[in-house]
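Q: Below is the structure I would like to discuss, written out as structure tokens.
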Amino acid sequence: MTGGIRADGRARSNRAFVTLATNSDYVIGAAALIRSLRRTGTTADLVVMYTDLPGGDLARISALGARLVQVDLLPTSDAFNALHGRDRLHGAAPFTKGEKPPFHTPLDNFAKLRLWQLDYERVVFIDADAIVLQNIDRLFDYPEFSAAPNVYESLGDFHRLNSGVFTARPGAATFDAMLAHLDRPGQFWRRTDQTFLESYFPNWHGLPVFDNMLQYVWMNLPDLWRWQDIRILHFQYEKPWQIHAKVDDLNVLIELWRAHAGDGPVPDPATLPPPPGAGPGRA
Ligand code: UDP
Ligand code: MN
């Protein structure tokens with residue numbers, strides 16, 4: 001590891017599941033994610049990258065057995081930071097499909113790229129707003145760069161990847177090349193790390209949608225939903241620890257997230273009901 005990154009202790013494995021939390025709201029998500037990963041029986045390291053967090057948050061993550069890695073935001077230019085500021089980005093490229101929470105800072109997303117500086121051979125990154133429902137260790141065998149399509153509305157979604165789950169092989173050369181590609185005069189990444197990664201890895205490999213099932217599929221594409229198949233459930237847009245406009249529609253998913261976030265039992269997803277709009281004849 002070099003500049004901009006300070007790890008707690010040593011790596012115990014050469015593989016790690018990695019997430020990012022730059023504020024206390026995303027720590028709530030990261031804690032549920034770590035708990036859900038533990039339940040899968042994985043022996044890979046569980047890593048939380050963070051920028052600046054209160055001591056209580058750090059203690060909470062440590063107590064779950066995760067390795068803490070402090071990272072700086074990327075050394076991007078003032079012009080880049082201004083273009084990707086929250087208000088500027090929401091004005092230039094408004095979100096029309098769902099609401100981003102107030103604690104979401106677009107510029108912080110790019111800190112994900114610090115994982116290419118980590119001391120692991122293989123990494124699977126997972127957003128802090130996701131939970132893992134089945135063992136996903138096989139993802140370490142997928143090549144760099146693999147991600148699932150950003151499917152939550154229609155067939156057109158298959159053109160784009162979702163950067164909430166992806167596979168990577170850390171390396172300083174890749175990290176340096178990424179920084180050079182990221183911050184060029186006038187370059188604007190309208191969906192931050194997601195559009196950047198799409199551009200940096202134009203021949204990205206596809207993961208099944210079940211490795212990154214987006215919560216809006218429950219409402220918009222109910223026929224795609226089959227609890228037995230879903231390995232990672234990702235709460236894109238509104239977060240399950242927020243009060244928001246879609247809590248009634250997404251109640252079954254939010255309750256499952258709460259079970260993973262807490263100390264009590266977690267239901268077998270196969271016992272959960274299908275989405276309300278699902279058609280007949282589904283297994
Ligand atoms: N993130 C963070 N702080 C921020 C914004 C994002 O730590 O201010 C991290 C966190 O891991 C989060 C991920 O980056 O899950 C991507 O953001 P988010 O999940 O909110 O985006 P969405 O999935 O809704 O597109
Ligand atoms: Mn997310």
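Q: How high is the FRET efficiency between residue 93 and residue 268 when r is their beta carbon distance and R₀ equals 30 Å, given to the nearest 0.05?
A: With R0 = 30 Å, the Cβ-Cβ based efficiency is 0.15.
Q: Please work out the C-alpha center-to-center distance from the stretch 213-269 to the stretch 44-92 and express it in whole Å.
A: Value for the Cα centre distance between the two parts: 24 Å.
Q: Could you work out, for the chain, what percent of all Cα-Cα pairs fall into each 10 Å distance bin, beginning at 0 Å and stopping at the bin that holds the largest distance?
A: With 10 Å bins starting at 0, P(r) equals 6, 30, 38, 21, 4, 0.
Q: Just the number: Rg to Rh for the stretch 1-147, Cα atoms, Kirkwood Rh, two decimals.
A: In the stretch 1-147, Rg relative to Rh is 0.97.
Q: Please work out the average accessible area per residue across the chain, using the 1.4 Å probe convention, and give it in Å².
A: 42
Q: List the lysines whose alpha-carbon lies under 27 Å from that of residue 112, not counting same-chain residues fewer than 8 positions away?
A: In chain and number order, the partners are 97, 100, 239.
Q: Mind checking which of 275, 120, 168 is farthest towards the positive end of the chain's charge dipole, using Cβ charges of +1 (Lys, Arg) and -1 (Asp, Glu) about the Cα centre?
A: Checking the options against the dipole of the chain, the answer is 120.
Q: How large a share of the accessible area of the chain, in percent, is made up of carbon and sulfur atoms when the probe is 1.4 Å and the other protein chains stay in place?
A: Carbon plus sulfur share of accessible area: 51 percent.
Q: Further question on the same structure: For residue 246, which aspartates and glutamates qualify as cross-link partners when the Cα separation must be under 18 Å and same-chain residues fewer than eight apart are set aside?
A: 99, 129, 153, 238, 255
Q: Short version: what are the Cα gyration tensor semi-axes of the stretch 184-283, square root of 5 times each eigenvalue, largest first, in whole Å?
A: Taking √(5λ) for each Cα gyration eigenvalue gives 29, 18, 14 Å.
Q: Another question, if that's okay. With springs only between Cα atoms under 10 Å apart, run a GNM on the chain and tell me which of 59, 30, 147 wobbles the most.
A: 59
Q: Hey, how much of the P(r) for the stretch 50-117 falls beyond 20 Å, as a percent of Cα pairs?
A: 45
The values are calculated or read from the model by the stated rules, or taken from the named source; none is laboratory data. Quantities reported herein were computed from a predicted structural model and do not represent experimental measurements. Cβ: placed from backbone, ideal geometry, glycine included. Neighbour counts: every protein chain shown. Only protein heavy atoms, including side chains, enter the accessible area calculation; ligands, DNA and RNA are left aside. Shrake-Rupley method; radii C 1.70, N 1.55, O 1.52, S 1.80 Å.
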